[in-house]
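Presented below is the structure to which this report refers.
The values are calculated or read from the model by the stated rules, or taken from the named source; none is laboratory data. Computed from a predicted structure; not experimentally measured. In this analysis, Cβ positions are derived from the backbone assuming ideal geometry, glycine residues included, and neighbour counts consider all displayed protein chains.
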Amino acid sequence: MTKVLVYHRGVGCETGCCGHAISVDDEEQAFAYEHPYREDSKAFAEALITEELGSEHVKDLDWENSFVCDC
């Protein structure tokens, strides 16, 4: 089973910039300077994965059994 994780992280020590990274099986695959301001967390993650990695990575994800935490 493949594990896909979308998580908040900063960029560089001095910049103060942040966004969300996408990790597939514990290896970071993409980073975007985006945040789910008023968006549903699950919808944000799905859109970000689709945008950054392509629709082939989203079509067979098991969203029914996914754990979404907006921490």
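Yes/no matrix, rows are residues, columns are (1) among the basic types (Lys, Arg); (2) within 13 Å of the chain's Cα centre (by Cα):
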{"site": "LYS3", "(1), (2)": "yes, yes"}
{"site": "HIS8", "(1), (2)": "no, yes"}
{"site": "HIS20", "(1), (2)": "no, yes"}
{"site": "ASP26", "(1), (2)": "no, yes"}
{"site": "ALA32", "(1), (2)": "no, yes"}
{"site": "TYR37", "(1), (2)": "no, no"}
{"site": "ALA47", "(1), (2)": "no, yes"}
{"site": "SER55", "(1), (2)": "no, no"}
{"site": "TRP63", "(1), (2)": "no, no"}
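How many residues, within region 5-36, are modelled with pLDDT under 85 and either among the basic types (Lys, Arg) or closer than 17 Å to VAL68 by Cβ (or both)?
The total comes to 0.
Could you grab me the full set of residues in region 2-37 that are exposed (fewer than 15 other Cβ atoms within 10 Å of the Cβ) and among the β-branched types (Val, Ile, Thr)?
The answer is THR2, VAL11, THR15.
Check off (1) in a helix (DSSP H, G or I); (2) among the β-branched types (Val, Ile, Thr); (3) in contact with a strand residue (DSSP E or B) (Cβ under 6 Å, 6 or more places away or on another chain) for THR50 and give me the number that stays unchecked.
If we test THR50 against (1) in a helix (DSSP H, G or I); (2) among the β-branched types (Val, Ile, Thr); (3) in contact with a strand residue (DSSP E or B) (Cβ under 6 Å, 6 or more places away or on another chain), just (3) comes out false.
Is at least one residue of region 33-43 touching a Gly at 6+ places or on another chain (Cβ under 6 Å), in contact (Cβ under 8 Å) with a residue 12 or more places away in the chain and of a type in the set (Phe, Trp, Tyr)?
yes
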